[in-house]
Every structure is written in structure tokens, then in C-alpha cells.
Amino acid sequence: MARNAILLLLLLFVSLFSASIATEKVAALVQEQPLTLQYHDGPLLFGRISVNLIWYGRFTPSQRAVLSDLVASLAAPSPSVFFSSHHAPSVASWWKTTEKYRTRRTPRLQLVQGRQLVDEDYSLGKSLTSEQIVELASKGPNSNAVNVVLTAADVAVEGFCMSRCGTHGWSRAKGQRGKFAYLWVGNSETQCPGMCAWPFHQPIYGPQTPPLVAPNADVGVDGMVINVASLLAGAATNPFGNGYFQGPSTAPLEAATACPGMYGSGAFPGYAGNLLVEPSTGGSYNAQGANGRKFLLPALWDPSTSSCSTLVFVRSLWPSTATGIIITTTLLLAVLSIFFTYFMNFEVFNVSNYLWNNFLGERCSSRPLGSAVLYGIDFDIEQGSSQYYSILNTSLRARSSWRRKVFLSGAPQCPFPDAHLGPALRLGLFDYVCGFAGLLF
């Protein structure tokens, strides 16, 4: 009897939901206290700066091409050369967030592709200290440069895989007064991919979600892309340890490290966020660059909004998804609002199966909305207890995969925290938490 009542309520509110899709709703995300990266009055990188790659150890030509294309993509691109689709977000547009750290008095920074140096003979051995990393970096140009030291998968570096995946800093060349910036990133493929190549490998701790497919079919190098991009953003905005950061200068939160594990909207621990997927390979990415290359780049802290900014806000929910077209202006989730009053613990999984088969999946012949497939569930609970919603959300979330994300959102009532969704909210089970200005329908 209780189950029949639930299904009748679902069908009633489905009809109301269908009539409401054409009505735009004003929603405000419930946000935590904003993070602020403080400016410590030091100089930022400016002017024309060359990015020079120093390859230490053996890399294949295809591996070098991936990281070389990343550097080439940082310049303002030409669509005919750089993109296979003008709709796709670009590496250059990702980098533009770093320009927001500059005032009118701060000259603009222009990164250009510089020299490439190769040391395949392991001239300093296969176990390097931090001082030897600086020594390698100094082999590149010593002015107007960022020298990037890249170590191969069989090279051990002090602190690598224990406390860091890479680092950036500055040094002075012998006999010169000027300073140059450098960074180092190691290939973690065989040493610690769960730490330094997530989300392309199973994490070593935290939620054990399935790994994503690397866009360039190389877990180690695609992990290096993430770390090189993160450290380049840090070097641009905090090159000498007195730029933009929060916390101690010895372990600062910087432009990218202030947004750990975030690559698309809706990210939470263990989930990288809403990303684009290459249909032919299944590779996950959020930016395109030189030679049509696809990359996954980290979110950057945006000083204009005091929040983490991602390239992909939400994937299109319509057939255009496969073409790489994204929606960035409005959250257009086709959500089913359900008003549960009572249901018992043993029925939770039955309700989860019903929602999946009739609205989210494609396995039921008697679907209330016909062939339309919804992409998520919005919980607007106004009566009953707070029990079982955490179990229901967990059951629905377990059906997500890199091919098919199930979006879950909640609409808490006033006052906050919500009396019905409070336990589920505290567990962080929702992709979005919204407050509506006015009635839902």
C-alpha cells in the first residue's frame, strides 16, 4: 500500500515537472565561506617568458609531444590550428584566470614555447636530490624563463610520492644577479599513480571511485599534464614565494592547489566533476589545445569571485553532448522533484530501482515520460522524517559511471540546516544544493 502511494505521488509530480521545464528558475548554490589567497606584495612573472622543457631520462616521442603541445597551447590560439571544434573550452581560456591576479599596474604575462633539452643518459643518476633538480633547471635560460624539469618514470626524486608530485621555486644562476623560476614534475606511472595521476588511476586513499580514461592514453603523462599546469599557475602568481598564496610560505595554497581534486563543476572528494568525454576513446578532458590535443586541467582559484573556477560547468544533457558542445550559462539539469512522505528502510532499494528504470535508465517499457531520459533527481522534501534519504542517495549515486553521471540535487527548506535532508547534506551526497526564489513549479 505504501509503495503504491509513493508511485502515485511520483507520477503526480512528474506531470507537474514536465510543465515546469519551460519555466526558468532562479537558484543560488549554498556555498561555504570563501577562500582568499592573500597578496604578499612580491613581484609576479610578467612580460615575454619562455617555457623551456628539460627532459631527464627516457621519454617516448609521443610523451614529449603531449607536454610540448600543452606549453604551445598556453598562447592565444588560432582556431584553425588548435581546435577541431570551436565550442570546446581551450587551454588558453583556462590560463586567462591567472590574468585576474594582475592589477593595472602589473604588466601582462605572455608565455611562449622555448627550448627543449634532453638528458637520456641520466647524467646525475636515477636518484635525485632537490639540489640536483635546481642544477638541472639551471641548464635552461637564466632570464625571462620558466625552466621545467621533467623526470622519467624510473627516476626517484627526494620527496616524490611521499609529500609531493612536483614543486616550483626560483634560483639564481652563478655569477648573475637575476632570478629565474623553475618547476619540476615526475612521471608517477610506476611509483605512485594513485597519488600523482588521479583521477586516471585508483586513488591510494579516500573514496575508491573508478578511474577515468586518460585523454592521451598515458596515465603517467596525463597525470604530469595536471601537475605541470598546476605548478605553472603557481609559478605565474607566486614565483618567488611572496606573491598570491594562503598559509605558510613553505607549504602554500596557490592558484591551483587551493582547489584540490576539482576539474569540473559538481566535483567532490572522489569525483573529478562534470567533464567532456571523447566518444571514440572514452577519454575524459576539459580543454583542447595545440594539434587538437585534449587535456584535463585543474580548477583555478578565481580572485574576482573568491571561488574555484572550472572550464566545464555542466555537460549538455541533449543529443549535442556527443559533439562536445557545453552549457555554461544556466544549470539545465532535467530533474525529477519528488516529495516523499514515508517509506520504510526495506523499500528504499525498490524506490531506487523504480527511479532508475522509469526515469534515469532505459530498461523499462512503461516509462511515464516515454523515451525521455532524465539526468538527475532533485529532492524537495517538505514532510516526513529525515530517515533513509542518505541510503537512497547512496544507492542512486552508485549507478554513476564515467559514461553516465547521475546528478543529485537538494532544495533545503528554511531554516537551514534542513530538518529532512540534514543528514544527507552533512554527508555531502548532493552535487548541487539550491534555494529557489519562489515556488518550485
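The values are calculated or read from the model by the stated rules, or taken from the named source; none is laboratory data. Everything numeric here is computed off the predicted structure, so don't read it as measured data. All Cβ positions, glycine included, derive from the backbone under ideal geometry; neighbour counts span all protein chains shown. Just the protein is used for accessible areas: all its heavy atoms, side chains included, with ligands, DNA and RNA removed. Shrake-Rupley method; radii C 1.70, N 1.55, O 1.52, S 1.80 Å.
Summary table below
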read-out	value
Residue in segment 210-225 that is of a type outside the set (S, T, Y) and assigned to a strand (DSSP E or B) present	yes
Residue match in segment 309-323 (condition: at pLDDT 75 or above and either more than 19 Å from W95 (Cα to Cα) or buried (at least 21 other Cβ atoms within 10 Å of the Cβ) (or both))	yes
Test: residue in segment 62-78 that is out of contact with any strand residue (DSSP E or B) (no Cβ under 8 Å at 6 or more places or on another chain), open to solvent by 60 Å² or more (accessible area, probe 1.4 Å), at pLDDT 95 or above and over 20 Å from L183 (Cβ atoms)	yes
Residue match in segment 118-128 (condition: open to solvent by 10 Å² or more (accessible area, probe 1.4 Å), modelled with pLDDT of 90 or more and in contact with a helix residue (DSSP H, G or I) (Cβ under 6 Å, 6 or more places away or on another chain))	yes
Lone unmet requirement of (1) within 27 Å of S143 (Cα to Cα); (2) out of contact with any strand residue (DSSP E or B) (no Cβ under 9 Å at 6 or more places or on another chain); (3) small (G, A, S) for G292	(1)
Boolean, Y271 is within 30 Å of T60 (Cβ to Cβ) and out of contact with any helix residue (DSSP H, G or I) (no Cβ under 8 Å at 6 or more places or on another chain)	no
Filtered residues of segment 130-180 (kept if of a type in the set (F, W, Y) and open to solvent by 40 Å² or more (accessible area, probe 1.4 Å))	W170
Selection from segment 84-102 of residues that are surrounded by fewer than 20 Cβ atoms within 10 Å (Cβ to Cβ) and modelled with pLDDT under 80	S84, S85, H86, H87
Residue pairs meeting the criteria (Cβ under 6 Å; at least 6 apart or on separate chains; first closer than 25 Å to V146 by Cβ, in segment 178-205; second of a type outside the set (G, A, S) and open to solvent by 60 Å² or more (accessible area, probe 1.4 Å))	K179/W170; K179/R172; A181/W170; M195/I204
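The rows are residues; the columns are (1) farther than 19 Å from S163 by Cα; (2) buried (at least 21 other Cβ atoms within 10 Å of the Cβ).
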position: Q202; (1), (2): no, no
position: T209; (1), (2): yes, no
position: L231; (1), (2): no, yes
position: Y244; (1), (2): yes, yes
position: G247; (1), (2): no, no
position: A258; (1), (2): no, yes
position: Y263; (1), (2): yes, yes
position: G270; (1), (2): yes, no
position: S280; (1), (2): yes, no
